[in-house]
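Enquirer: Quick one: the structure is below, and I'll ask about it shortly.
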Amino acid sequence: MLLNLAALAILPGLAYAYANPEPCSGLCVISDPGLMRRVSDGKYFRFSTGGEITYATSDSLNGPWVGVGSVVPAGSKINLAGNTDLWAPDVHYIEQTYYVFYAVSTFGTQNSAIGLATSPTMELNTWTDHGSIGVSSHSGKLYNAIDPNLIKADGAFYMNFGSFYDDIYQVPMNAAGTKSAGSSAYNLAFNSTGSQAEEGAYMYQHGNYYYLFFSSGTCCGLDTDRPAPGEEYKIMVCRSTKATGGFVDKDGNDCQANGGTPVLESHDNVYAPGGQGVFDDPEYGPILYYHYLNTDIGYADGDKQFGWNVINWSGGWPSV
Ligand SMILES: *[C@@H]1O[C@H](CO)[C@@H](O)[C@H](O)[C@H]1NC(C)=O
Ligand SMILES: *[C@@H]1O[C@H](CO)[C@@H](O)[C@H](O)[C@H]1NC(C)=O
């Protein structure tokens with residue numbers, strides 16, 4: 001087939017076609033996925049927003065996903081409104097221990113904190129809640145302490161976080177990656193145009209670069225109030241040779257000054273993809289996983305579906 005490239009170029013978001021999500025079976029209706037594969041037996045565990053971090057397991061990334069229960073069934077120790085409705089799990093395997101960072105907040109407020117639960121196996125009822133990692137926010141702060149994402153760079157741990165206000169921040173962590181090291185947080189990415197937030201940061205090292213993935217645009221309430229096309233949730237990326245700053249997009253624009261290159265936007269029957277992460281799968285290599293609204297099903301927050309695609313790193317930039 002001959003493609004009319006000139007015609008494609010004038011359609012925003014259609015500079016190239018995006019892959020459709022891989023098929024999903026079983027429990028596929030979730031928000032803000034966090035993925036991990038258990039070292040002992042290769043089983044996948046997928047954590048998501050809501051309840052006390054509900055999670056599911058499967059032998060394959062395509063399912064069937066079967067619900068396990070909650071990470072901290074009694075709610076977080078963090079004494080804040082929202083401590084039984086935990087958000088945005090970020091999952092890591094460090095020193096034979098599975099870590100799940102989570103956020104405590106309520107929609108539209110800046111009264112937020114990041115917490116940590118750990119387990120040796122990820123089995124139900126094996127989790128210990130450690131409460132706050134010392135990253136929190138309240139009205140008047142430049143940032144909002146939600147959407148945690150830990151990265152290890154040159155032997156040191158950093159916590160990326162934030163949403164709305166001045167978007168994405170970072171703070172150095174202690175040697176175990178369990179607590180803030182106590183220094184102040186600094187900005188990594190900010191979009192000053194419009195009223196759209198950048199949030200849900202996920203940093204991933206590939207080759208010589210650290211890639212800062214984030215979600216940008218309107219995440220929620222899209223069943224009742226839909227923004228102009230292109231202003232809904234989408235996944236963007238910036239990169240830097242350092243994990244701690246200097247992020248630019250594909251065109252060299254500073255990501256602290258509105259820069260960002262799209263990785264996945266609405267296409268076909270996929271609408272408002274976001275809440276993403278990257279997982280280095282032993283079979284597929286690095287995959288991008290996310291939630292999206294399937295326009296054949298519905299646009300409500302409770303309709304968000306799990307999706308993933310293998311990342312193509314051609315030219316040093318991720319695409320799906
Ligand atoms: C910044 O916000 C504008 C206006 O909402 C949006 O069109 C653009 O895609 C955003 N860019 C990034 C990098 O988030
Ligand atoms: C990876 O992306 C490049 C550039 O867009 C494209 O030419 C190539 O066909 C892609 N590879 C695969 C396996 O899709």
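The values are calculated or read from the model by the stated rules, or taken from the named source; none is laboratory data. Given the structure is predicted, the values throughout are model-derived calculations rather than measurements. Virtual Cβ from ideal backbone geometry, glycine too; neighbours counted across all protein chains shown. Heavy atoms of the whole protein, side chains included, go into the accessibility calculation; ligands, DNA and RNA do not. Shrake-Rupley method; radii C 1.70, N 1.55, O 1.52, S 1.80 Å.
Enquirer: Pairs Lys141/Lys234; Lys242/Lys304; Lys152/Lys179; Lys141/Lys250; Lys141/Lys179: which are spaced more than 22 Å apart, C-alpha to C-alpha?
Expert: Check vs 22 Å cut-off fails for Lys141/Lys234; Lys242/Lys304; Lys141/Lys250.
Enquirer: If each of Asn253 and Ser195 carries a label point 7 Å out from its Cα toward its Cβ, how far apart are those two points in nm?
Expert: It is 2.1 nm.
Enquirer: For the chain, build the charge dipole from Cβ charges (+1 Lys, Arg; -1 Asp, Glu) around the Cα centre, then report which of Gln205, Asn294, Tyr55 sits farthest towards its positive end.
Expert: Gln205
Enquirer: Let me ask something else. How do His130, His206, His291 stack up against each other in accessible area, from largest to smallest, with a 1.4 angstrom probe? Before the final figure, lay out the partial values.
Expert: Values: His130 80, His206 60, His291 5 Å².
Result of the area sort, largest leading: His130, His206, His291.
Enquirer: Here's a follow-up. Take every Cα pair under 8 Å in the chain that's 6+ residues apart, average their separations, divide by the length, and report that relative contact order as a whole percent. Let's see the in-between values first.
Expert: Details: 862 pairs, mean separation 41.9, N = 320.
So the answer I get is 13 percent.
Enquirer: Given the rule -39500 (n - 2.57) for each run of at least 4 DSSP H residues, summed and divided by the residues of the chain, what is its mean residue ellipticity at 222 nm, to the nearest 500 deg cm²/dmol? Walk me through the numbers before you get to the answer.
Expert: Numbers: 1 runs with 5 residues, N = 320.
Mean residue ellipticity at 222 nm (helix-derived): -500 deg cm²/dmol.
Enquirer: What list of ³J(HN,Hα) values in whole Hz, one per residue of the stretch 136-144 in order, does the Karplus curve 6.51 cos²θ - 1.76 cosθ + 1.60 (θ = phi - 60°) give from phi, with Gly and Pro shown as x?
Expert: Values per residue, Gly and Pro as x: 8, 8, 8, 3, x, 5, 6, 10, 10 Hz.
Enquirer: Additional query: Which values, in whole Å and largest first, are the semi-axes of the equivalent ellipsoid of the chain obtained as the square root of 5 times each eigenvalue of the Cα gyration tensor? Before the final figure, lay out each step's value.
Expert: Values: eigenvalues 155, 105, 79 Å².
Equivalent ellipsoid of the chain: 28, 23, 20 Å, largest first.
Enquirer: Taking the chain as a Gaussian network, Cα atoms linked when under 10 Å apart, which of Pro120, Pro286, Pro229 shows the biggest mean-square fluctuation?
Expert: Evaluated over the chain, the most mobile residue of the options is Pro229.
Enquirer: Hey, can you rank 108-117, 209-218 by average C-beta count inside 10 Å, highest first? Walk me through the numbers before you get to the answer.
Expert: Values: 108-117: 21.0, 209-218: 23.9.
Going by the mean number of other Cβ atoms within 10 Å, highest first, we get 209-218, 108-117.
Enquirer: Show which aspartates and glutamates lie in cross-link reach of Lys43 when reach means a straight Cα distance below 17 angstrom and same-chain residues fewer than eight apart are skipped.
Expert: Lys43 reaches Asp59, Glu123, Asp280, Asp281, Glu283.
Enquirer: Over all distinct Cα pairs, what is the inverse of the mean 1/r for the stretch 100-160, reported as the Kirkwood hydrodynamic radius in Å? If you can, show how the numbers build up before the last one.
Expert: Values: mean 1/r = 0.0782 Å⁻¹.
By the Kirkwood definition, the hydrodynamic radius is 12.8 Å.
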